[in-house]
Amino acid sequence: MYDVMAIGNALVDHEYVLSDAALEETDLTKGNMTLAGIEEQQQLLAYFKLAEIKPSKHAGGGSAANAMYAFASLGGKPFYACRVGDDKQGEFYLKDLHEAGVATSPQSIHAGGVTGSCVVAVTEDGERTMQTFLGTSSDITADNVDFEALTQADWLYLEGYLAMSEGIQPAMNQLRQQAGIHGAKIAVSFADPAVVKFAKDGLLNMLGNKVAVIFCNSEEAKLFTDKKQHKSAARALLEHCQTAVVTDGSNGAVIAHKPNDESEVEIYDVPTPVVTNVIDTNGAGDNYSGAFLYALSQHYSLSECGRLASEVAAQVIQQFGPRLESQNYQEIAKRVLSA
């Protein structure tokens, strides 16, 4: 049995620390993800080399994978569907997940494929800007998905980045249908403002008639709903879900909840822990979603879910890389959930 089955793009992160001025020399949009071909990524890396900007971290990444890493490290049992190559990067990627307790399937390995990679540019304010070469992950289809795993899971977690991939949409529809048959609840992460800007139809397909939970940040929520305030955007998202979780950095998070059409809307404000030194925001939203969903799967209240998620995300942004050490997650859970 699994607590959750997730599906997402498998990427190995290569992090670089640079100035805003250096970032402006690229064609990247600060704070957003940009898809690129292998040649474009090589050009970006060549620029970094010429500017003597050296890599600071090499780590497993991918939005849903980061969320499931947090979920497993907190004590949950996740299954992750993806597509990697049978190369050293793919071997590194899956080994990293397995050691954390995230289950995968041999169907995720594509013979002769090149594992995707993400260049993460971290500026002095800690903001992350990403250029992603999907590699073999761009061809993820139903053949890479172990649908049997979903019959054993209570939750299905869908990564918003996959809204940009046409090839995976039939599998998405099949997963949503199977979740309905087996009573698994669905959570969707919008993942990035670029997804909402350029793949809103794909997101709407993920959401179907309605899902249990939507995770997004304030910019994504406002873009999706055309609302100017994140609290009103959270309310508007309830047209598509029972619970909308909208994060807003140091301003905290808003949780809007309406379990059925007859219910009154419940609003919860969850403060963000004070962080004096933001180093790297890469993976913060993913970890927030994974920690929140873990607590929700263990039947904690929405406020408790928000507090755990906020504490985990606050720790992530105080280090380089998208994931904490496994014991750090346990320490945070013990402190927050036993309080």
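The values are calculated or read from the model by the stated rules, or taken from the named source; none is laboratory data. These figures come from a predicted structure and were not determined experimentally. Using ideal geometry, Cβ is built from the backbone for each residue, glycine included, and neighbour counts are taken over all protein chains shown. SASA here: full protein model, heavy atoms, side chains in, ligands and nucleic acids out. Shrake-Rupley method; radii C 1.70, N 1.55, O 1.52, S 1.80 Å.
Some observations on this one:
- Checking Ala6 against (1) over 14 Å from Gly290 (Cα atoms); (2) at pLDDT 90 or above; (3) touching a helix residue (DSSP H, G or I) at 6+ places or on another chain (Cβ under 7 Å), the condition it does not meet: (1)
- Of the residues making up the range 75-116, those that are outside any helix (DSSP H, G or I) and among the aliphatic types (A, V, I, L, M) are Ala81, Val84, Val102, Ala103, Ile109, Ala111, Val114.
- Given (1) part of a strand (DSSP E or B); (2) closer than 30 Å to Gln177 by Cβ, index of the condition Val119 fails: (2)
- Count of residues meeting criterion [hydroxyl-bearing (Ser, Thr, Tyr) and open to solvent by less than 30 Å² (accessible area, probe 1.4 Å)] in the range 230-246: 1
- Enumeration of residues in the range 49-65 that are at pLDDT below 95 and either within 28 Å of Ser289 (Cα to Cα) or touching a strand residue (DSSP E or B) at 6+ places or on another chain (Cβ under 8 Å) (or both): Ile53, Lys54, Pro55, Ser56, Lys57, His58, Ala59, Gly60, Gly61, Gly62, Ser63
- Across the range 262-301, the qualifying residues are those that are closer than 25 Å to Asp20 by Cα, among the β-branched types (Val, Ile, Thr) and out of contact with any Phe, Trp or Tyr (no Cβ under 7 Å at 6 or more places or on another chain), and the one among them that is surrounded by the fewest Cβ atoms within 10 Å (Cβ to Cβ) is Thr276.
- Across the range 134-161, the qualifying residues are those that are of a type in the set (A, V, I, L, M, F, W, C) and assigned to a strand (DSSP E or B), and the one among them that is farthest from the chain's Cα centre (by Cα) is Ala153.
- First in the range 24-53 and closer than 16 Å to Lys197 by Cβ and open to solvent by less than 30 Å² (accessible area, probe 1.4 Å), second anywhere and of a type in the set (D, E, K, R) and not in a helix (DSSP H, G or I), Cβ under 8 Å, 6 or more apart: Gly31/Glu127; Gly31/Arg128; Asn32/Asp192; Met33/Asp192
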